[in-house]
Amino acid sequence: MPSLKDLRNRIATVKATQKITKAMQMVAAAKLRRAQEAAEAARPYSQRMSAVLGNIAGAVTEGHDTPHLMTGTGEDVTHLLVVCTAERGLCGGFNSQIARLARERINALQAEGKEIKILCVGKKGYDILKRQYESLIIDRVDLREVKRIGYSDADTIAKQIIDLFNHGGFDICTLFYSEFKSVISQIPTAQQIIPAGTGNSEAEQANGGAVYEYEPDAETILNDLIPRNIAVQIFSALLENSASEQGARMSAMDSATRNAGEMIDKLTLSYNRQRQAQITKELIEIISGAEAL
């Protein structure tokens, strides 16, 4: 049984931890609002970008000058998995859920005999995946110094991926991230970005099946628009990740704060009981000694 001094020290330690988790919860709550607004603001642009891309792609699908970023290499041999996670922990299962989805995809592709390459965006995803797939990781993007995710960060990642594709590094690229739904709900998501999906059925319905003419020609527009769309999709994924991370951290720190409070109550009760028992024992010794005299 721990002594009274040990119990006092442990209560003080748990109280100090509770102050830290409470402070982290408040910081995450403050960051969450800004991150959520940024993620929600990016969604319409990202969706509309895909719709416009699909509409233009419909005009050149049967042509011979369709960009390779849209048609792909025509093979399904090498897969690049871009796994986006956080740079820091203490956010519940946020990072592990994304890594689990990526791990399931890796195992499924390996079972089919595919070659796998992994690009990690974020330290935590790299730390998780390197334990089992270190030989498959080709690079890691470090965003620890970035205080607020900007389009330039996503554009740099997109250019790296496109350059690798142009040099025959892979056939299909899939992006893994967590879509923000609420503070307690973040959905791990896998999105194929190369070859770029057309998604022109919704665009045709929205435009009533109208026929458009493009100036300059559709091929030239696609050559400029597809790389930009890849950067936009990555940017949207990073924003979704940022909001999901803060929401998960806020929820995790709230649970940690409440658990610390329960632990303090239990330790305090145990301390009081042991102190009372010690006082009672001392009184009995004093009374017994007095009676012996």
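The values are calculated or read from the model by the stated rules, or taken from the named source; none is laboratory data. What you see is a predicted model; the values in this text were computed from it and never measured. Cβ sites come from the backbone with ideal geometry, for glycine too, and all protein chains shown count toward neighbours. For the accessible areas, the whole protein counts, side chains as well, though only heavy atoms, and no ligand, DNA or RNA atoms are used. Shrake-Rupley method; radii C 1.70, N 1.55, O 1.52, S 1.80 Å.
Tell me the relative contact order for segment 93-148 as a rounded percent, counting alpha carbon contacts under 8 Å between residues six or more apart.
Relative contact order of segment 93-148: 35 percent.
Pop out the carbon and sulfur fraction of the accessible area of segment 105-163 as a percent, whole number, probe 1.4 Å.
Answer for segment 105-163: carbon and sulfur cover 42 percent of the accessible area.
Taking the Cβ of L32 as the centre, find all other residues whose Cβ is under 10 Å away and add up their charges (Lys, Arg: +1; Asp, Glu: -1).
Here the charged neighbours net out to +2.
Run the quick spin-label model on K22 and T268: label points 7 Å from Cα toward the beta carbon, then report their separation in nm to one decimal.
My value for the distance between the label points is 1.2 nm.
Need one number: % antiparallel among DSSP beta bridges in the chain, to the nearest 5.
35 percent
Sort D76, D127 by accessible area with a 1.4 Å probe, largest first.
In descending accessible area the options line up as D76, D127.
Run the helix sum for the chain: -39,500 (n - 2.57) per DSSP H stretch of 4+ residues, divided by residue count, reported at 222 nm to the nearest 500 deg cm²/dmol.
My calculation for the chain gives -22500 deg cm²/dmol from helical runs alone.
For q = 0.16 Å⁻¹, what log10 I(q)/I(0) does the chain give under the Debye formula with an equal point scatterer on each alpha carbon and no solvent?
After summing over all Cα pairs, the log10 values are -1.24.
Contour minus end-to-end for Q191 and R33, with contour as 0.36 nm per residue of separation and end-to-end as the Cα-Cα distance?
Between Q191 and R33, full extension yields 54.4 nm more.
Could you work out the relative contact order of segment 1-151, using alpha carbon pairs under 8 angstrom and six or more residues apart, expressed as a whole percent?
19 percent
Taking only C-alpha pairs under 8 Å that are 6+ residues apart, what is the relative contact order of the chain in percent?
Relative contact order for the chain comes out at 33 percent.
Using a probe radius of 1.4 Å on heavy atoms only, what accessible surface per residue do you get for segment 1-139? Whole Å² is fine.
Result: 56 Å² per residue.
Taking all protein chains together and a probe of 1.4 Å, list K5, K31, K124 from the most accessible to the least accessible.
Output order, biggest surface exposure first: K5, K31, K124.
Output the pairs from K5/K266; K31/K159; K123/K147; K124/K147 with a Cα-Cα distance over 20 Å in this structure; if there are none, say none.
Where the Cα-Cα span goes over 20 Å, the pairs concerned are K31/K159.
Note down the magnitude of the dipole of segment 31-151 about its Cα centre, charges +1 on Lys and Arg C-beta and -1 on Asp and Glu C-beta and zero elsewhere, to the nearest 20 debye.
940 debye
Count the net charge of all other residues whose Cβ sits under 14 Å from the Cβ of A108, scoring Lys and Arg as +1 and Asp and Glu as -1.
Computed value for this residue: 0.
Residue by residue, what Karplus-based ³J(HN,Hα) values in Hz, rounded to whole numbers, does segment 94-110 have, using 6.51, -1.76 and 1.60 with θ = phi - 60° and x for Gly and Pro?
These are the phi-based 3J(HN,Hα) values: 4, 5, 5, 5, 5, 5, 5, 4, 5, 5, 4, 5, 4, 5, 5, 5, 5 Hz.
Can you tell me the length gained on complete extension of the stretch A111 to V52, counting 0.36 nm per residue apart and subtracting the Cα distance?
17.6 nm
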